[in-house]
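Asks: Can you keep this structure in mind? I'll have questions shortly.
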Amino acid sequence: MAQAPGALPPNVHKLVMSQALSKLGDNFTEVALALFVLSLTRHNVTDLGIVLAMTYLPSLVLGWAVAGVIDRFDKRRTLLISDLVRALLVASIPVVQSFAWTMAAVFVMYSFAMVYRPVVRAVQPQIAGDPAT
């Protein structure tokens, strides 16, 4: 059965929904993380700044290495593993309730995000298909 002209493949809808849910989760995590750190450290904004710095540190430390090796991984498996690890780390932060763990978890979480984001962008054209067909 042929698709109607201009219709999107069904996989595009799945991709858009999964990315929307992932982005919603990321945004919720950022707000919840800030509130959690402020409550954990008794409203110490310096500690909040340190945790927020952990979101940028992986790019500075690991950014040069990610681009060189990311194409060697299976894209589907990479997306699943990196999203699962990020979710587990986010869930572990309120359970452990330690400032040191929060910093470490945020660093590892954003390290996996460095892998996740480029892979999602690389997969999009494959899922959408060739617009000329």
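Asks: With N residues in the stretch 1-77, what two-decimal value do you get for its Cα radius of gyration over 2.2 N^0.38 Å?
Replies: On the way: Rg = 19.3 Å, N = 77, 2.2 N^0.38 = 11.5 Å.
Rg over 2.2 N^0.38 Å, computed on Cα atoms: 1.68.
Asks: Sticking with this one: In Å, what Kirkwood hydrodynamic radius results for the stretch 71-133 from the alpha-carbon pair distances?
Replies: Every distinct Cα pair counted, the radius reaches 13.1 Å.
Asks: Per 0.36 nm of contour for each residue apart, how much would the distance between Q97 and F73 grow if the chain were fully extended, relative to their Cα-Cα spacing?
Replies: Gain in length upon complete extension: 5.3 nm.
Asks: Here is a further query. Under the rule of -39500 (n - 2.57) per DSSP H run of 4 or more residues, summed and divided by the residues of the chain, what mean residue ellipticity at 222 nm is obtained, to the nearest 500 deg cm²/dmol?
Replies: Calculated at 222 nm, the ellipticity per residue is -29000 deg cm²/dmol.
Asks: Taking 0.36 nm per intervening residue step and subtracting the Cα-Cα distance, what contour gain separates I81 from Q19 on full extension?
Replies: 20.8 nm
Asks: How compact and how long is the chain, expressed as Rg and Dmax of its alpha-carbon atoms in Å?
Replies: Radius of gyration, then largest Cα-Cα span, for the chain: 18.0, 61 Å.
Asks: Can you tell me the accessible area per residue over the chain, all protein chains present, probe 1.4 angstrom, in square angstrom?
Replies: Value for the chain: 67 Å² per residue.
Asks: How much of the accessible area of the chain, in percent, comes from carbon and sulfur atoms when a 1.4 Å probe is used?
Replies: Whole-percent figure for carbon plus sulfur exposure: 69.
Asks: If you don't mind, another one. Between V66 and V123, how high is the FRET efficiency from 1/(1 + (r/R0)^6) when r is the Cβ-Cβ distance and R₀ = 22 Å? Nearest 0.05.
Replies: According to the calculation, E is roughly 0.90.
The values are calculated or read from the model by the stated rules, or taken from the named source; none is laboratory data. This one's a predicted model, so the numbers in the text were calculated from it and none came from an experiment. Cβ coordinates were reconstructed from backbone atoms using ideal geometry, including for glycine residues, and neighbour counts include every protein chain displayed. Accessible surface is based on the protein model in full, side chains and every heavy atom, while ligands, DNA and RNA are left aside. Shrake-Rupley method; radii C 1.70, N 1.55, O 1.52, S 1.80 Å.
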